[in-house]
1. Residue check: is Gln118 more than 19 Å from Met59 (Cβ to Cβ), in the same structural domain as Val53 (by TED's automatic domain parsing), buried (at least 19 other Cβ atoms within 10 Å of the Cβ) and not charged (D, E, K, R)?
2. Quick one: is Ala215 surrounded by fewer than 16 Cβ atoms within 10 Å (Cβ to Cβ), assigned to a helix (DSSP H, G or I) and at pLDDT below 80?
3. Scan the range 302-321 for residues that are modelled with pLDDT of 85 or more and either among the aromatic types (Phe, Trp, Tyr) or within 35 Å of the chain's Cα centre (by Cα) (or both) and report the count.
4. If I go through the range 250-284 residue by residue, how many of them are within 12 Å of Leu234 (Cβ to Cβ) and within 19 Å of the chain's Cα centre (by Cα)?
5. Looking at the range 133-148, can you tell me whether even one residue there is closer than 30 Å to Leu81 by Cβ, modelled with pLDDT under 80 and touching a strand residue (DSSP E or B) at 6+ places or on another chain (Cβ under 8 Å)?
6. Is there a residue in the range 175-187 that is outside the structural domain of Ile65 (by TED's automatic domain parsing), polar (S, T, N, Q), modelled with pLDDT of 80 or more and within 20 Å of Val280 (Cβ to Cβ)?
7. Just for the range 225-240: of the residues that are at pLDDT 60 or above and not aliphatic (A, V, I, L, M), which one is farthest from the chain's Cα centre (by Cα)?
8. I'd like the residue in the range 37-57 that is of a type in the set (Val, Ile, Thr) and crowded, with 20+ Cβ neighbours inside 10 Å and, out of all such residues, is nearest to Gly18 (Cα to Cα).
Amino acid sequence: MAEVRIILADDHAIVRAGIRNALQEMDDLVIVAEVGDGPSLFKALSETEADCVLIDVTMPDFDPIPSIEKIRSRYPVMKVLVVSAYDDDFYVQGLLGAGVNGYHLKDQPLSDLRLAVQRVLDGGRWLSGSLIDKLISYGESTVQASALTTRQREILRFLQQGLDNQSIAREAGLSVGTVENHLTRIYRQLNVQSRLEAVRFVIDHPEVLASPGQAAVDGASFPEIPAGEGITLLLVDDNARYRCELRRMIGRVCPHALVYEAENTREAVSLAERVTPQLVFIDVILREENGISCLRRIKAISPQLRVVLISAYPDREFHKLGVDAGAIAFIDKKNLDADTLHQMISDVVS
């Protein structure tokens with residue numbers, strides 16, 4: 001019988017050793033490589049012929065679904081068996097949809113692992129028994145976009161910008177593992193199976209990026225602003241911390257407001273076209289971009305839109321250019337407090 005060549009991919013050496021010991025009892029099977037992260041796996045795949053890869057998809061530098069799709073595309077005959085501690089039904093379904101041949105849970109007996117390997121090598125599919133009931137109900141849940149947290153919306157925005165998990169982790173001040181956990185929950189709530197589908201969902205449903213004002217209420221009291229049909233605001237600033245601060249102030253003065261955020265002109269224009277905000281705040285300096293140019297492009301979409309220019313470095317020339325471009329006000333960020341916001345939002349509503 002021809003020798004079966006296996007690659008083990010898990011970032012824990014002890015786990016790899018346990019799998020290796022379990023597989024040694026199987027005849028005509030040889031482990032040709034062991035790796036502990038995404039780049040090492042793709043290197044091993046390119047340099048070593050393999051019939052099957054046993055993989056923990058939560059390894060460092062490994063974005064599960066896109067990476068599995070890439071492996072399946074490059075090595076269509078090779079079997080892929082996921083060996084994971086995660087039993088989330090949405091996570092499992094996404095990986096099965098990406099093309100894995102089986103999904104085995106680490107807490108199952110080693111004898112079951114040997115059975116799983118044999119099953120996929122024989123051309124079958126494998127699922128650990130406890131996963132089956134979970135997958136029966138897959139697809140029955142409804143989209144729960146309204147339940148997204150502020151952090152999840154932030155990660156969705158990074159996702160829409162095309163950032164990978166490491167870049168998202170760096171920008172958000174999180175670990176890569178925490179980002180991956182957030183993405184798994186986001187995919188589940190949006191009822192999508194990949195980052196590409198999540199981005200498409202955001203494009204089709206931009207409202208998922210809006211933060212409800214009441215999420216930021218901290219107990220301060222202001223005269224009530226009539227809810228009416230609601231008010232939508234857009235914050236355009238390349239400083240995420242300042243956007244968060246401004247969003248909190250808006251939540252204090254107008255809990256029923258919907259608040260969208262953009263960090264550059266492209267994002268701002270895209271949102272202005274789709275959600276029609278009633279009031280927009282734009283920082284004059286957007287990294288290397290000009291906030292006044294952003295103002296002009298947004299006003300071209302909706303000439304009646306009320307736009308306020310803000311800046312940490314107020315300049316008379318910027319003030320003149322901004323007013324000429326159609327801004328209703330030019331405000332020093334130091335003076336943009338809750339009382340000022342309350343007055344501006346009240347004027348828009350009335």
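1. On the way: more than 19 Å from Met59 (Cβ to Cβ): yes; in the same structural domain as Val53 (by TED's automatic domain parsing): yes; buried (at least 19 other Cβ atoms within 10 Å of the Cβ): no; not charged (D, E, K, R): yes.
Here the answer is no, as Gln118 does not meet what is asked.
2. Values: surrounded by fewer than 16 Cβ atoms within 10 Å (Cβ to Cβ): yes; assigned to a helix (DSSP H, G or I): yes; at pLDDT below 80: yes.
For Ala215, the condition - surrounded by fewer than 16 Cβ atoms within 10 Å (Cβ to Cβ), assigned to a helix (DSSP H, G or I) and at pLDDT below 80 - is met.
3. Residues of the range 302-321 that are modelled with pLDDT of 85 or more, as a first pass: 302-311, 321.
Within this subset, residues satisfying the condition of being either among the aromatic types (Phe, Trp, Tyr) or within 35 Å of the chain's Cα centre (by Cα) (or both) are 302-311.
Count: 10.
4. 9
5. In the first step, residues of the range 133-148 are kept if they are closer than 30 Å to Leu81 by Cβ; the result is 133-141.
Of the ones still in play, those that are also modelled with pLDDT under 80 are 133-141.
Then drop every residue that is not touching a strand residue (DSSP E or B) at 6+ places or on another chain (Cβ under 8 Å), which leaves 135.
Scanning the range 133-148 turns up at least one residue that is closer than 30 Å to Leu81 by Cβ, modelled with pLDDT under 80 and touching a strand residue (DSSP E or B) at 6+ places or on another chain (Cβ under 8 Å).
6. No: zero hits.
7. Applying the filter and picking the extreme gives Gly230.
8. Step one: list which residues in the range 37-57 are of a type in the set (Val, Ile, Thr), which gives 48, 53, 55, 57.
Cutting the leftovers down to crowded, with 20+ Cβ neighbours inside 10 Å gives us 53, 55, 57.
Values: Val53: 16, Ile55: 14, Val57: 17 Å.
Taking the candidates together, the pick is Ile55.
The values are calculated or read from the model by the stated rules, or taken from the named source; none is laboratory data. Just so you know, these numbers come straight off a predicted model, no measurement behind them. FYI the Cβ positions are ideal-geometry reconstructions off the backbone, even for glycines, and counts take in every protein chain you see.
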